[in-house]
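Asks: Just dropping this structure here.
Bear in mind these aren't lab numbers, they're just calculated from the coordinates by the rules spelled out. These numbers come from a predicted model, not from an experiment. A quick note on method: Cβ atoms are made from the backbone with ideal geometry, for glycine too, and the neighbour counts reach across all protein chains shown.
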């Protein structure tokens, strides 16, 4: 075998697979740091600033601490399900990143380097499906703990995710309808060439998707499954050490995933802004990946901002919001979009 | 639904039971059927200890009852002792006591509102409240040297005179806190999530509140205008011009609003007291070995948590024969079950926060 083929056929894919695990991890570290610092800043505190530059290594220190913690399995717990659920949650959100493109492909010499691991024609469906699988981990974890708080957390989580899947599906349909594809790369490409990003074209879809996305990731103000003042720590109350870290990392990975989806579906993925404005054309020189990161970081920041501002929803209001507002709204939105598309 | 009633134990180690309270909650799905508070985890045998301590020695114990409002406890005890002694203390001391007690009310209400908001997920509000409270703690630190277990009142007066440093700090806090309260109200008052979580939640009718002996902001939120500072003035509260906020809803939202308004009124009282601070002695000479002629007395004050009373029976020695405390948190906690019944599990923490209990005072 020639060395070149070996590199292209084997080394690069393996490197990509490693990268697709490392990239969410790095984002998680940045995100944990960002969240703690930004929330502290909003609340007039300092936040962690001792470990590393401005406390950047704090998440790593925390992870190390969790790594060395004792692994506790409650006596009456179902050990198999108890053990399997943290990897399940983690696996589903990490695997989804295989289908998330991180930038446009570029040529290095004679080789085209794609910034995605798998180019699937049904990428959007896969990502949505995989992110929904994570709920099973939460249900199993809450159920297998054989404890009441995790059970209630898991129950809430099931209802929450089931409710919010529907508006997500319905709003995604509007985007798919315009781009004519459920391939994530196609959706981004469709927003290129002077066309308006879908976020501005379909503002209702974006808002509904974003709200549902926050609810889907169990974040404030929809963090009921782990509402600390009521359910202590919700579904992961009984977990300790590395398994707890798995849940924790999975939650942040999921946030990164939802932000990535928002950016890809509604804000042109790696595309630079203002492609038509002449004197801003230098923005196009910045690599797509950087734009992509900037946009993701913006939405991750909004996550933190919302968390620091709003009180938590109550269970019944949460369900009401989904079924009485978001589902009808997204249905109406779908009809209007379809009608407009055919009339114009 | 085929989901049986389950019994949940909230506490004694739970993030939002204000210390070591245990609630035995029976829920059907998420609907609360029964709440049984189980107390006593912080019992230190205070009332028995007091029987073996001299009158001035009891004073530091009272700091540890309601540790979020130490001065109010000091004041209630000291006023009872003075009533038993039958002495009239100087006007200046009375005014300084009013200033300290109202500062303490501010601090206590700030932490009450903060914790209540924190329990419903608005963590930032807690931090904003605590920043303002920090200013008040600084005042106490400057005045007495202590921050939390402030020992701000003595039998016969106050330990120190108010100097320029302290009044300056008080004026600075008074200038700063209204803005902070406005921030908090901006975050919460018109917030739909907040309104949904508090309006019509934990409602208690005035007659029930009266029957259960509910006092303090929780009582005034049911439409019952009862404030000892107005109704049975002590410590020359009759000199000051202030209002007693009363709302009729009886729910968590009204309790929150009453507290916010009471903070404003407290600041009004402090301002008036500072402006009209009379000259003169700030304490009476009280013998170190204080012997009180036999007799018994009961005196109540309006503490931030409610009506705080001390019953003291003296047998003529330097130690009281019996000291009994009527602690507002203990009595207010009784109404928890009535307020929670039929509400959702998530509401328990909010209702508990709106009752503003302190376990040090309940368990004594």
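Asks: If R₀ is 45 angstrom, what is the calculated FRET efficiency for the pair residue A:79 and residue A:177, using the beta carbon separation as r and rounding to 0.05?
Replies: 0.45
Asks: Given labels modelled 7 Å from the Cα in the Cβ direction, how far is it in nm from residue A:133 to residue B:41?
Replies: Inter-label distance under the simple model: 4.1 nm.
Asks: Go ahead and estimate [θ] at 222 nm for chain B from helices alone: -39,500 (n - 2.57) per DSSP H run with n ≥ 4, summed, over the residue count, rounded to 500.
Replies: -15500 deg cm²/dmol
Asks: When N is the residue count of the stretch B:197-297, what does its C-alpha Rg come to as a fraction of 2.2 N^0.38 Å?
Replies: Against the empirical 2.2 N^0.38 Å value, I get 1.44 for the stretch B:197-297.
Asks: Hey, another quick one. Please list, by residue number, everything in the stretch A:20-58 whose backbone N is under 17 Å from a paramagnetic label point 7 Å out along Cα→Cβ of residue B:138.
Replies: A:44-46
Asks: How high is the FRET efficiency between residue A:105 and residue A:148 when r is their beta carbon distance and R₀ equals 35 Å, given to the nearest 0.05?
Replies: 0.10
Asks: So for the stretch A:124-264, what are the equivalent ellipsoid semi-axes in whole Å, largest first, each being the square root of 5 times an eigenvalue of the Cα gyration tensor?
Replies: So the three semi-axes of the stretch A:124-264 are 33, 14, 12 Å.
Asks: If you fit an axis through the alpha-carbon atoms of helix B:70-85 and take the longest principal axis of the Cα set of chain B, what angle between them do you get, 0 to 90°, nearest 10?
Replies: Rounded to the nearest ten degrees, it is 50.
Asks: Here's another thing I want to ask about it. Neighbour counts of other C-beta atoms within 10 Å: give me B:32, B:246 arranged from fewest to most.
Replies: B:246, B:32
Asks: Treat each spin label as a single point 7 Å out from the Cα along the C-beta direction, and report the residue A:113 to residue A:57 distance in nm.
Replies: With each label placed 7 Å out from Cα toward Cβ, I get 2.9 nm.
Asks: Could I ask something else about it? Using the beta-carbon distance between residue A:41 and residue B:148 and R0 = 22 Å, what value does 1/(1 + (r/R0)^6) give for FRET efficiency, to the nearest 0.05?
Replies: With a Förster radius of 22 Å, E is 0.25.
Asks: Divide by every residue of chain A the summed helix terms, -39500 (n - 2.57) for each DSSP H run of at least 4, and state the resulting mean residue ellipticity at 222 nm, rounded to the nearest 500 deg cm²/dmol.
Replies: About -21000 deg cm²/dmol.
Asks: Okay, moving on. Using every alpha carbon pair in the stretch A:73-343, what percent of pairs falls into each 10 Å bin from 0 up to the bin containing the largest distance?
Replies: 7, 28, 33, 21, 9, 2, 0
Asks: How fast does the protein assembly as shown diffuse by Stokes-Einstein, in µm²/s, taking the Kirkwood radius from C-alpha pairs at 37 °C and 0.692 mPa s?
Replies: 115
Asks: Could you tell me how many degrees, from 0 to 90 and to the nearest 10, lie between the Cα long axis of helix B:345-355 and the main elongation axis, the longest principal axis, of the Cα atoms of chain B?
Replies: Orientation of helix B:345-355: about 20 degrees from the principal axis.
Asks: Right, here's the next one. Normalized C-alpha radius of gyration of the stretch B:41-331, against 2.2 N^0.38 Å?
Replies: That ratio works out to 1.00.
Asks: Which three lengths, in whole Å and largest first, does the stretch B:1-130 cover when its Cα atoms are put on their principal axes?
Replies: Each principal axis gives a Cα extent; for the stretch B:1-130 these are 68, 38, 20 Å.
Asks: How crowded by other chains is A:66-75, given as the mean number of beta carbons from other chains within 10 Å of each beta carbon?
Replies: Going residue by residue through A:66-75 and averaging, the value is 0.
Asks: Calculate the tail of P(r) for the stretch B:66-224: the fraction of all Cα-Cα distances greater than 27 Å, expressed in %.
Replies: 36
Asks: For helix B:252-275, report the angle its Cα long axis makes with the longest principal axis of the Cα atoms of chain B; keep it between 0 and 90° and round to the nearest 10°.
Replies: Taking the Cα atoms of chain B, the angle to B:252-275 is about 20 degrees.
Asks: Just to be sure I understand: with springs between alpha-carbon atoms less than 10 Å apart, which residue in B:217, B:56, B:304 has the highest mean-square fluctuation in the Gaussian network model of chain B?
Replies: Judging by the Gaussian network model, the answer is B:56.
Asks: With a 10 Å cut-off between alpha carbons and a GNM built on chain B, which of B:173, B:327, B:346 moves the most?
Replies: Judging by the Gaussian network model, the answer is B:346.
Asks: For chain A, set up a GNM with springs between Cα atoms under 10 Å and report which of A:269, A:55, A:137 has the largest fluctuation.
Replies: Taking springs between Cα atoms under 10 Å, the residue moving most is A:55.
Asks: Quick one: plug the Kirkwood hydrodynamic radius of the stretch B:250-364 (C-alpha pairs) into Stokes-Einstein at 20 °C, 1.002 mPa s, and report D in µm²/s.
Replies: Calculated translational D: 121 µm²/s.
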